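Reviewing the structure listed below.
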Amino acid sequence: MNQKKKIVVLGGGYGGVLTAKKLAKKLKKEKDVEITLIDKKPYHTLLTELHEVAANRVSEDSIKIDLKKIFAKRNVDVVLDEITDLDFDNKVLKSEGNSYKYDYLVIGTGCQPTYFGIPGAKEYTRKLWSYEDAVQLKEHILHMFREAVKEPNKEKRQKMLTFVVVGGGFTGIEMIGELGEWKDRLCKDFAVDREEVKLYVVDAMPKILPIFPDKIINKVEKRLKKLDVQVVTNAGITEVSKNSVTLGDKGTIKTNTVIWAAGIEGSDIVGKMDIEQKGRKRIVTNDKLQALEYENVYVVGDNIFYIPEGEERPVPQMVENAESSAPIIAHNICSDIKGGEKKSYKPEFHGAMVCVGGRYAVAHLGKPGKFFGLPSFFAAFVKHFINLVYFVQVAGFNKCWSYIMHEFFHIKDKRSFVGGHFSKASPNFWLVPLRIFVGYKWLAEGIEKLEKIIHDPSKIFLIPAPPAVDGTTAATAAAKVTEKVVEATTSASTAVAGGATEAVSQYGAALPVPGFIENIVKWSMDAFFYNGEGGYTFMAKLFQTGMVIGEIVVGLLLIAGLFTALASIISLAMGMMIWSSGMAPTEMLWYMGAAIALIGGSGSTFGLDYYVLPVLKKWWKNIGFVRKSYLYVD
């Protein structure tokens with residue numbers, strides 16, 4: 001019996017999670033392989049979104065995903081532990097109380113802030129590099145406002161209302177941008193004059209966001225100025241104290257809040273590794289992303305120090321690097337286990353995007369030599385789209401749904417690039433009368449038609465008359481079926497004239513149908529409902545019966561408030577079918593409009609959905625396939 005191959009992924013960041021998922025997919029049929037992911041926290045943190053929580057734009061749970069949810073029903077064992085030592089020669093990882101053997105190791109422990117030896121920086125600044133950091137920073141900012149409004153001493157009050165972000169890179173600019181937007185809400189809630197709040201972003205470099213062209217940097221600076229943020233460049237920090245930060249020869253800013261976003265280095269555990277490193281604790285790898293000293297040790301994401309052929313600098317510490325390196329590592333480990341040729345890492349980076357608050361963004365995208373900028377709206381759209389692409393890989397529909405809810409539907413103070421148009425929530429009880437009325441109308445229509453079907457099962461009145469089968473005109477063909485009165489789903493009676501059906505009722509002519517839809521409907525009618533002899537097929541009778549039963553069922557469900565969203569979608573679909581057939585009077589418009597309004601869940605108020613859906617939701621989430629496919633909402 002072969003001994004199982006043990007793969008250990010150290011770190012549940014972007015690179016670690018993606019590598020483990022891709023390994024699980026590639027090796028799902030290999031019974032002799034064990035995959036273990038070890039992290040000191042039980043959740044995967046979305047580091048690129050920390051500023052949104054820190055500045056209270058989204059809820060705290062929006063930036064973390066439970067690791068066990070990510071790997072549900074997959075061949076990945078999630079272990080909560082903190083590794084303190086690595087023995088590469090004996091292939092073992094050690095924590096305070098456990099040890100873990102491995103055949104292949106993937107190092108993805110990420111980074112942490114670096115303070116460059118500046119006095120007081122580590123002790124007196126607030127970092128933004130974890131879920132806990134973001135939550136604590138948000139609470140600290142709120143605490144400063146709470147205390148400031150009670151402080152009679154003007155100097156102390158000003159220090160509480162002064163906020164300094166150190167670092168003009170991605171993290172620093174996104175943080176100060178969010179804070180600039182949040183300031184208005186804070187001032188309103190705490191009755192603070194906006195002029196009292198001072199916001200600074202400082203950097204030792206000559207300009208902020210140095211990887212961007214000057215044109216984009218100027219746009220960002222203009223936006224920051226609009227948010228009352230003062231940009232201070234060429235200002236290297238020389239000291240930080242409990243209530244001030246010194247900007248070299250540019251003076252001192254008195255403040256109780258200094259947010260550090262001035263640089264990163266590898267995690268502490270990487271610094272302890274007896275392995276070649278360069279560039280602030282980054283592990284040197286070959287083109288296969290293997291550590292130079294050990295072929296069975298791979299490095300993913302921010303921990304990689306690798307200079308691709310033809311480049312002068314190592315791969316950047318960006319999420320795109322993690323997303324690009326993970327599949328290469330997964331492939332190369334699988335090639336070792338199952339046989340095959342390893343791949344070299346040949347990354348192509350496509351630029352970067354920065355949000356300056358929730359309403360504004362800039363982007364510099366493309367390929368080397370062909371980069372271009374995007375207007376703010378499209379830059380923000382691309383950023384959200386790329387996030388969704390990542391979430392599809394990590395937690396599928398579940399995370400994509402929650403992300404959309406947090407970013408667009410539950411957003412506060414219009415802090416989204418689409419404003420607050422999707423966030424205007426209103427109580428569902430306003431829709432209860434509409435739900436019951438629409439249900440009554442469908443039920444009444446269905447019962448009326450059911451009586452006609454029972455009286456004469458062969459009578460077809462929900463499908464347009466068949467076309468002429470000889471030299472007669474369409475009108476003549478229609479005359480042959482005058483006794484088969486064509487009716488819409490409403491009480492309005494309809495007259496039909498061949499293929500160019502025109503419904504006339506007390507509400508006026510039938511709604512017009514585009515030509516291409518009319519052609520599709522005509523083809524389907526000829527294929528399924530007309531027998532070629534001027535009559536109808538059995539399928540036509542079956543379809544009509546199904547429509548009538550559907551009207552009755554939809555009506556009952558809407559009145560009872562049971563499965564309201566599904567019933568509303570079916571209601572909309574029936575309305576669309578009737579419209580596409582050319583038999584819909586104008587009153588069908590409000591049927592379809594009302595159906596759209598009711599999809600949002602009006603059955604949760606004075607309806608059975610209030611009792612039934614929570615039970616079904618709990619049952620649904622416990623199904624293995626559903627958990628594995630993330631086909632549920634939290």
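The values are calculated or read from the model by the stated rules, or taken from the named source; none is laboratory data. Worth saying up front: this structure is predicted, and the values here are computed from it rather than measured. Reconstructed Cβ throughout: ideal geometry from the backbone, glycine too, with neighbour counts over all protein chains shown.
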Given the conditions (1) modelled with pLDDT under 95; (2) farther than 19 Å from I436 by Cβ; (3) β-branched (V, I, T), which single one is not true for T605? (2)
Hey, among K6, K21, which residue is closer than 16 Å to C334 by Cβ, touching a residue at least 12 places away in the same chain (Cβ under 8 Å), buried (at least 21 other Cβ atoms within 10 Å of the Cβ) and basic (K, R)? K21
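How about region 72-140: which strands (runs of 3 or more DSSP E) wholly inside it have at least 1 residues that are under 30 Å from T255 (Cα atoms)? Show your work before the answer.
Working: elements: 77-80, 83-87, 92-95, 99-101, 104-107, 111-113.
Per the criteria, 111-113.
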Flagged in region 377-404 as within 18 Å of A72 (Cβ to Cβ), surrounded by fewer than 20 Cβ atoms within 10 Å (Cβ to Cβ) and free of Cβ contacts under 8 Å to residues at least 60 places away in the same chain, in numbering order, are V392, C400
Collect the residues in region 82-111 that are among the polar types (S, T, N, Q) and farther than 15 Å from I283 by Cβ, keeping them in residue-number order. T84, N90, S95, N98, S99
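Looking only at region 15-26, decide whether some residue is out of contact with any Leu (no Cβ under 8 Å at 6 or more places or on another chain), among the polar types (S, T, N, Q) and not in a helix (DSSP H, G or I). Quick ask: steps written out before the conclusion?
Going residue by residue through region 15-26, those that are out of contact with any Leu (no Cβ under 8 Å at 6 or more places or on another chain) are 15, 18-19, 21-26.
Within this subset, residues satisfying the condition of being among the polar types (S, T, N, Q) are 19.
With the extra rule that they be not in a helix (DSSP H, G or I), the set shrinks to none.
Checking region 15-26: not a single residue is out of contact with any Leu (no Cβ under 8 Å at 6 or more places or on another chain), among the polar types (S, T, N, Q) and not in a helix (DSSP H, G or I).
Only one residue in A380, A330, A363, A395 is assigned to a helix (DSSP H, G or I), over 18 Å from the mean Cα position of the chain (by Cα) and of a type outside the set (S, T, Y), so which one is that? Before the answer, list the steps.
Numbers: A380 fails: over 18 Å from the mean Cα position of the chain (by Cα); A363 fails: assigned to a helix (DSSP H, G or I); A395 fails: over 18 Å from the mean Cα position of the chain (by Cα).
Selected residue: A330, the only one of A380, A330, A363, A395 that is assigned to a helix (DSSP H, G or I), over 18 Å from the mean Cα position of the chain (by Cα) and of a type outside the set (S, T, Y).
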Determine which member of the set E239, E174, E196 is at pLDDT 95 or above, surrounded by fewer than 16 Cβ atoms within 10 Å (Cβ to Cβ) and in contact with a Leu (Cβ under 9 Å, 6 or more places away or on another chain). E196
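Considering every residue within region 119-126, establish whether at least one is of a type in the set (G, A, S) and at pLDDT below 95.
First, pick out the residues of region 119-126 that are of a type in the set (G, A, S): 120-121.
Going one step further and asking which of them are at pLDDT below 95, we end up with none.
Checked region 119-126: no residue is of a type in the set (G, A, S) and at pLDDT below 95.
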The residue that is nearest to A262 (Cα to Cα), considering only those in region 200-233 that are of a type in the set (D, E) and in contact (Cβ under 8 Å) with a residue 24 or more places away in the chain, is D203
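Take the conditions assigned to a loop (DSSP other than H, G, I, E, B) and touching a Leu at 6+ places or on another chain (Cβ under 8 Å) and apply them to G357. Does it pass?
The answer is yes for G357.
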List pairs: first residue in region 284-298 and over 17 Å from I337 (Cβ atoms), second residue of a type in the set (D, E) and modelled with pLDDT under 95 anywhere in the structure, Cβ distance under 8 angstrom, at least six positions apart or on different chains. D287/E309
